[in-house]
Amino acid sequence: MADFSRRGVLAGAGLAVGAGAAAGAGLMRLTETETETVRAAAPGGPIPFHGPHQAGIATPVQDRLHFAAFDLGTDAPAEAAELLRRWTAAAVRMTAGQEVGGGATGAELAPPDDTGEALELPASRLTLTVGFGPSFFEKLRLPAPDRLRELPRFPADKLDPARSGGDICVQACADDPQVAVHAVRNLARIAFGTASVRWSQLGFGKTSSTTPQAQTPRNLMGFKDGTRNIAGTDRAALDAHVWVGREGPEWLRGGSYLVARRIRMHIETWDRTSLKEQEDIFGRTKREGAPYGAAREHDPVRLDRLPADAHVRLAHPDSLGGATILRRGYSFTDGSDGLGRLDAGLFFLAYQRDPEKGFIPIQRALAARDPLNEYIQHVGSGIWACPGGVPAGSFWGEALFS
Amino acid sequence: MRPALRSGAAFGLLALALTACGSGDDGADGGSSSGSGSAAVASQPAPTGKVVETVDVAATDTTCVPAETALPAGVISFKLTNNGKEPTWLYVFRADRTVVSERANIAPGATADLVVELPAGAYHVACKPNHEGDGIRQDITVSGELAAEADPRVTRAVDDYRAYIDEQVDDSIAKTEDFVAAVKKGDVKKAKDLYAPSRVGWERIEPVAEAFGDVDPKVDLREADLEEGAEWTGWHRLEKALWKEPGTLKKEAKYGDRLLEDLDALKKKLPTAEITASSMANGAKELLDEVATGKVTGEEEAFSHTDLWDFKANVDGAQKVYQLLTPIVMEKNPALVTTLDTEFAELNTLLGKYAEGDGFVAYTELSPEQVKELADAVNALAEPLSGLAAVVAG
């Protein structure tokens with residue numbers, strides 16, 4: 001698909017789904033790999049909404065984030081399903097760079113369906129990814145997947161309930177912040193009467209890459225962290241560590257568990273810390289991002305070369321029996337805190353096949369020993385089960401309701 | 001009221017009229033501009049009838065020439081082509097210099113329509129390049145009869161709504177008389193008890209009153225929205241005296257008389273209010289806007305915290321409009337009737353939880369969770385209600 005166009009990609013995506021369903025997984029994978037190439041090659045263009053997995057997980061990480069957690073105002077599964085059906089219809093249009101419903105300028109005397117601030121903007125690689133929290137299943141009295149449990153309390157957590165949890169999460173990622181904000185705003189509007197936003201978070205800069213060749217973007221501490229992320233093209237690693245397989249209920253297969261943590265950074269005290277101490281804490285050099293004992297960012301980590309409690313060493317899969325996650329976090333700054341300090345940090349997002357083999361053991365290790373804890377605080381938290389990909393004509397989580 | 005948008009805009013535009021528009025401009029021009037955004041009743045709502053005549057208006061930076069100046073009564077579409085170098089504004093004024101409608105900011109080279117319904121009479125069409133000065137005015141004459149309103153259900157809804165407005169204004173005046181009497185006696189307790197009930201009728205029909213731009217800021221302006229140097233009058237002035245400085249109450253008595261005079265002036269103007277099915281529906285939407293921005297946040301009643309009284313009155317006023325229009329909505333969009341019936345009922349049930357005596361508990365007694373629950377219910381109603389105007393017009 002060298003001759004890239006919006007229409008071409010959409011047609012290609014439709015073909016991929018159709019062919020996969022007809023001819024089996026092998027062909028689907030081949031076609032999907034092609035699509036993957038196009039995705040990486042076309043900044044600003046659309047990313048197919050439909051496919052075997054939800055977009056926005058293995059997809060190359062976009063520059064901006066608007067994340068929102070919603071609470072249902074109903075306990076009727078039929079009403080929740082109707083909301084997800086309407087959301088899907090809007091998401092299909094918005095991710096293709098189209099206006100919602102009857103558009104931003106419809107009947108003169110009616111409020112327009114689309115709020116209009118994304119007019120003329122390209123699709124900007126917008127992805128919309130949805131997940132269901134433990135409270136979603138409780139409220140609707142639906143069977144929750146085994147591994148979807150509230151996260152345990154970790155030492156030093158200072159979680160604000162107003163920034164934690166939520167029945168449904170929506171992760172909107174795009175290269176243009178206005179496109180991401182437009183998407184969440186329009187979904188929130190569609191939800192009025194069924195669900196309302198519990199909390200939301202803007203992320204202004206990505207801190208992770210799922211593209212193996214790319215440099216890892218720096219976090220607000222000035223470091224490259226999570227450099228050994230799972231690549232969006234590494235099918236074996238994705239199947240092993242990210243996508244839920246046969247162990248999960250049917251609707252969740254090909255989906256993933258998402259953990260979000262709002263991690264406030266004590267930026268000002270960090271900035272008063274010597275370079276040596278900063279580097280020791282991470283276990284890597286600041287400028288290059290190379291782990292201690294190596295020359296380049298992506299050189300293999302040799303754990304014995306790192307300080308015993310270095311962040312990189314504690315979080316490394318080899319220290320944790322192989323615990324591996326796909327990181328997709330963003331830096332945030334929500335103004336200042338009234339004491340002249342930035343209210344800033346990392347909005348950490350991690351996808352995994354099983355939280356018990358992903359975020360939970362990693363955070364247990366970090367919460368107990370990480371010297372970085374002096375400079376950070378976990379202030380918001382959530383966990384959601386993100387259903388598998390949405391086939392054309394279906395909607396988010398449809399299989400859950402049937 | 002929601003002064004940030006309403007009277008705030010009116011004050012802002014008055015200032016604009018004095019500065020940007022030059023001293024030769026009249027206040028009516030400025031007052032109208034606020035109407036396009038907020039007060040649906042003030043500026044004429046977009047007519048829904050068939051256009052009987054289209055009139056080309058050729059405009060430059062120094063000329064403004066309608067192709068015809070003698071027009072039949074009915075819906076007229078003025079089609080302005082801006083051949084100038086500056087953006088221009090197109091107005092239709094009545095002979096008394098009040099504004100029928102306007103079209104803002106027409107770019108050089110652009111063409112724009114302004115559709116208005118004109119009964120027989122004398123009018124001016126004006127182009128105002130750069131929105132400066134008096135504009136370039138041309139007289140036009142309209143003659144003949146307007147086509148009769150086709151739908152008798154609409155006529156009935158409008159008549160019934162007029163009766164409702166009269167009733168509510170009378171109720172507000174009667175209760176305000178009692179309230180003011182208590183103020184004059186210096187009976188703080190009684191005046192406090194009578195304050196919120198005196199506002200209920202007003203809050204139910206507020207968007208209609210806002211059409212008469214001068215009444216609203218006189219009777220319902222909050223202290224925080226007062227322009228520097230302007231005199232603060234109305235209910236909220238007395239509210240502050242009662243709850244914050246009861247010792248000064250007797251000195252405030254003259255503001256009670258002023259309030260009654262201003263309400264009386266409103267009553268006298270009511271027969272001239274332009275009311276259509278669309279303006280009613282837009283008014284209902286505005287009442288929910290009032291709730292969403294002023295009442296659910298507890299900003300309206302900063303001293304008495306009687307916000308839930310106003311909240312309920314706004315919802316009642318919107319529900320009255322909806323009930324009067326229901327036969328029309330039922331025919332055109334029955335699903336909307338189901339939705340609005342449900343959402344009005346849910347919001348009223350929720351409000352009912354906070355009923356106390358003849359009214360409601362103080363806003364300050366609500367927990368943040370209860371406020372959120374109310375806000376969600378307001379959004380759930382306001383979103384579908386915003387579609388009402390298009391349904392009754394279409």
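The values are calculated or read from the model by the stated rules, or taken from the named source; none is laboratory data. What you are looking at is a predicted structure, and each value in this text was computed from that prediction instead of being measured. All Cβ positions, even for glycine, are placed from backbone atoms using ideal geometry, and neighbour counts span all protein chains on display.
So the values come out like this:
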item: Residue among B:242, B:226, B:221 that alone is touching a Gly at 6+ places or on another chain (Cβ under 9 Å), hydrophobic (A, V, I, L, M, F, W, C) and under 19 Å from residue B:304 (Cβ atoms); result: B:221
item: Residue selected from region A:73-90 under the condition among the aliphatic types (A, V, I, L, M) and crowded, with 21+ Cβ neighbours inside 10 Å, by the criterion farthest from residue A:397 (Cα to Cα); result: A:90
item: Qualifying residue in region B:215-233 (condition: within 30 Å of residue B:373 (Cα to Cα), more than 14 Å from the chain's Cα centre (by Cα) and at pLDDT 95 or above); result: no
item: Top-ranked residue of region A:91-113 - restricted to ones that are of a type in the set (D, E, K, R) and under 26 Å from residue A:397 (Cβ atoms), ranked as nearest to the other protein chains (Cβ to nearest Cβ); result: A:113
item: Qualifying position, being of a type in the set (S, T, N, Q) and under 21 Å from the mean Cα position of the chain (by Cα), among A:115, A:105, A:95; result: A:95
item: Only one of A:153, A:218, A:198 that is of a type in the set (D, E, K, R), away from chain B (no Cβ under 14 Å) and out of contact with any Ser or Thr (no Cβ under 8 Å at 6 or more places or on another chain); result: A:153
item: Selected residue [more than 10 Å from chain A (Cβ to nearest Cβ) and either surrounded by 21 or more Cβ atoms within 10 Å (Cβ to Cβ) or modelled with pLDDT of 95 or more (or both)] from B:342, B:297, B:338; result: B:338
item: Among residues of region B:347-394, those that are among the hydroxyl-bearing types (Ser, Thr, Tyr) and within 8 Å of chain A (Cβ to nearest Cβ), counted; result: 1
item: Among the candidates B:376, B:358, residue that is loosely packed, with under 15 Cβ neighbours inside 10 Å and either among the charged types (D, E, K, R) or under 25 Å from residue B:279 (Cβ atoms) (or both); result: B:358
item: Test: residue in region B:151-160 that is in the same structural domain as residue B:239 (by TED's automatic domain parsing), more than 30 Å from residue B:327 (Cα to Cα) and surrounded by 15 or more Cβ atoms within 10 Å (Cβ to Cβ); result: no
item: Residue check for residue A:171: assigned to a helix (DSSP H, G or I), away from chain B (no Cβ under 14 Å) and either within 29 Å of residue B:376 (Cβ to Cβ) or aliphatic (A, V, I, L, M) (or both); result: no
item: Conditions (1) surrounded by 13 or more Cβ atoms within 10 Å (Cβ to Cβ); (2) more than 26 Å from the chain's Cα centre (by Cα); number of the one not met by residue A:267; result: (2)
item: Boolean, residue B:332 is surrounded by fewer than 19 Cβ atoms within 10 Å (Cβ to Cβ) and farther than 30 Å from residue B:381 by Cα; result: no
item: Boolean, residue B:322 is modelled with pLDDT of 95 or more, among the aromatic types (Phe, Trp, Tyr) and over 23 Å from the mean Cα position of the chain (by Cα); result: no
